[in-house]
1. A 26 angstrom limit on the alpha carbon distance is what I want to check against. Which of 55/136; 48/134; 17/127; 17/48; 10/35; 55/134 exceed it?
2. Describe numerically, in nm with one decimal, the distance between label points set 7 Å from Cα along Cα→Cβ at residue 33 and at residue 109.
3. For region 98-152, what is the accessible area per residue in Å² when the probe is 1.4 Å?
4. Starting from the Cα gyration tensor of region 1-84, take the square roots of the eigenvalues, sort them a ≥ b ≥ c, and report rounded, prolate or oblate (rounded when a/c is under 1.5, otherwise prolate if a/b is larger than b/c, else oblate).
5. Once every Cα of region 45-146 carries one equal point scatterer and solvent is ignored, give the base-10 log of I(q)/I(0) from the Debye formula at q = 0.13, 0.22, 0.24 Å⁻¹, two decimals.
6. Obtain the nm distance between the two label points defined at residue 131 and residue 117 by a simple spin-label model: each point lies 7 Å from its Cα along the Cα-to-C-beta direction.
7. Skipping prolines and chain starts, which residues have an amide H placed within reach, meaning under 5 Å, of the one on residue 38, given they are 5 or more residues away or on another chain?
8. Treating the beta-carbon of each Lys and Arg as +1 and of each Asp and Glu as -1, no other charges, what is the dipole magnitude of region 23-130 about its Cα centre, to the nearest 20 debye?
Amino acid sequence: MEYESVLIVKPEVFIYKIPPRASNRGYRAADWNLKEPTWTGRMRLVAKGTACILKLEDKTSGALFANCPIDTYPGVAIEAVSDSSRYFVIRVQDDNGRSAFLGLGFGDRSDSFDLNVALQDHFKWVKNQEQIEKEKTEPKQELDLGFKEGETIKINMRITKKDGSEGTSRTGKGKGTGGVLPPPPGGLAKIAPPPAAAPAATLRQSPGASPAHRTSGGGGGEWTDYASAGGNQGQQNSANANWVQF
């Protein structure tokens with residue numbers, strides 16, 4: 001069961017008897033007797049499914065005066081006149097299928113504008129419904145997104161660092177790049193070997209040695225120091241020997 005929905009209501013409209021169209025130039029409201037409308041009443045535009053009907057009713061009782069079925073807009077059922085935006089020509093029909101053309105007018109230009117918008121919205125909705133039903137019966141063509149023979153794809157990848165800057169995966173060079181530190185100048189660093197332990201005899205001097213023995217000025221001074229060192233070494237060995245015998 002389809003319900004009837006009201007699209008627009010205008011409390012006062014004017015109906016005119018119009019002369020037959022004299023040519024293909026369109027209807028003109030100036031040819032009507034606009035000061036003396038044939039009928040005055042209420043207009044309701046209703047929809048029942050995809051069908052649209054303009055109904056002319058009595059203001060007080062709501063009795064139906066005439067029906068104007070509209071199958072498309074703009075079309076033969078309702079047509080704007082050529083010399084005004086407040087007047088239309090409508091085709092009314094009775095239950096026996098007989099039809100007649102009448103003039104429809106509004107006292108305010110905004111009322112005619114509302115009727116125009118309501119008709120456009122309804123038939124736009126009808127067109128969308130037809131498209132939906134068509135898509136249900138006709139399956140959509142599926143897109144083939146697979147690779148064809150011989151096709152390749154190229155991907156450019158960017159590496160983003162922790163600080164948000166972009167760069168490549170290569171190790172940076174120079175200051176602040178975070179890479180391996182360069183070797184010091186002159187090649188690999190070498191650790192100097194520890195100094196060799198000097199003999200105790202060379203570090204000691206005879207208590208009775210003369211100042212000349214402590215200096216290395218003369219050519220015979222070195223030999224004198226060596227002799228003194230040898231004598232001291234003999235005294236130390238003698239003392240060690242005495243300690244063992246005791």
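1. Values: 55/136 34 Å; 48/134 21 Å; 17/127 33 Å; 17/48 28 Å; 10/35 20 Å; 55/134 31 Å.
Result: 55/136; 17/127; 17/48; 55/134 exceed 26 Å.
2. In this crude label model, residue 33 to residue 109 measures out at 2.8 nm.
3. On the way: 4580 Å² over 55 residues.
Per residue, region 98-152 has 83 Å² of solvent-accessible surface.
4. Numbers: a/c = 2.73, a/b = 1.39, b/c = 1.96.
In terms of gyration-tensor shape, oblate.
5. -0.58, -1.26, -1.39
6. 2.2 nm
7. 15, 16, 17
8. Details: 14 positive and 14 negative charges, 12 e Å.
It comes to approximately 60 debye.
The values are calculated or read from the model by the stated rules, or taken from the named source; none is laboratory data. Just so it is clear, the model here is predicted, and its values are computed rather than measured. When we count neighbours, we look across all protein chains shown, and the Cβ atoms used for this are built from the backbone with ideal geometry, even at glycine. Surface accessibility is based on the protein's heavy atoms, side chains included, excluding ligands, DNA and RNA. Shrake-Rupley method; radii C 1.70, N 1.55, O 1.52, S 1.80 Å.
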